[in-house]
Amino acid sequence: MAPPMSASRFLAALRDEGLTVVEVGDWRTHNRNHKGPWGPVHGVMIHHTVTRGTANTVRLCRDGHSTLPGPLCHGVIAKDGTVHLVGYGRANHAGAGDDEVLRAVIAEHRLPPDNEATVDGNRHFYGFECENLGDGVDPWPKVQLEAIEKAAAAVCRAHGWTQRSVIGHLEWQPGKVDPRGFTMASMRGRIAERLR
């Protein structure tokens, strides 16, 4: 079990991995901690936003909407590879997911199919929302994929985790399809190479 990094350590880990990071407002204290605990943390979850335009995407992920208050993640990874930090602590990104998947992430084993939603993922995962329409057509620029790789690797490196601690939302919660447009197996391969 791992306690979450401090916000300052999180920021430093991302920058140390070579990322361009933008701090958005009061991101260090913007969270949903009043709704439940943040931690222990066990992994990193990758999402797509179903949005267009970086400013709009960052605003939505920071503020949320009427049925889902923000923050909706910890960092937004824009098309140009910039990471916009919008919250830190408990964030509304993972929702309920499969307890067997969580056990596999903790053990860093191969993931089983996600077929139930019984565990609070917002408590246990760092979350990155990636600017993309999620329609399978909207492109994933090379610089954005590299930023996803670097962001996930930064968190793994800080906690001493391997690439098996990085999952997609579609591997956690039945019915989810994100991220769509690349495979998590290929992304984990990239992360493994970076961590070497």
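Points to keep in mind about this one:
- Test: residue in the stretch 153-161 that is within 18 Å of Arg194 (Cβ to Cβ) and either outside any helix (DSSP H, G or I) or among the aromatic types (Phe, Trp, Tyr) (or both): yes
- Pairs meeting the criteria (first residue in the stretch 176-196 and of a type in the set (Lys, Arg), second residue surrounded by fewer than 17 Cβ atoms within 10 Å (Cβ to Cβ), beta carbons under 8 Å, at least 6 apart or on different chains) are Arg180/Asp135; Arg180/Gly136.
- Checking Gly39, Gly18, Gly75, Gly53 one by one, the residue that is small (Gly, Ala, Ser) and buried (at least 20 other Cβ atoms within 10 Å of the Cβ) is Gly75 and no other.
- Within the stretch 83-112, the residues that satisfy the criterion of being among the basic types (Lys, Arg) and farther than 24 Å from Ser6 by Cβ are Arg103, Arg110.
- Condition check for Ala158: closer than 18 Å to Met5 by Cα, open to solvent by less than 20 Å² (accessible area, probe 1.4 Å) and small (Gly, Ala, Ser): no
- Lone unmet requirement of (1) surrounded by 20 or more Cβ atoms within 10 Å (Cβ to Cβ); (2) closer than 15 Å to Val41 by Cβ for Glu171: (2)
- Selection within the stretch 100-123 - open to solvent by less than 40 Å² (accessible area, probe 1.4 Å) and in contact with a strand residue (DSSP E or B) (Cβ under 6 Å, 6 or more places away or on another chain): Leu102, Val105, Val119, Gly121
The values are calculated or read from the model by the stated rules, or taken from the named source; none is laboratory data. None of these values were measured; they are calculated from a predicted model. Please note: Cβ atoms are built from the backbone with ideal geometry, for glycine as well, and neighbour counts cover all protein chains shown. Keep in mind that these areas ignore ligands, DNA and RNA; they rest on the heavy atoms of the full protein, side chains included. Shrake-Rupley method; radii C 1.70, N 1.55, O 1.52, S 1.80 Å.
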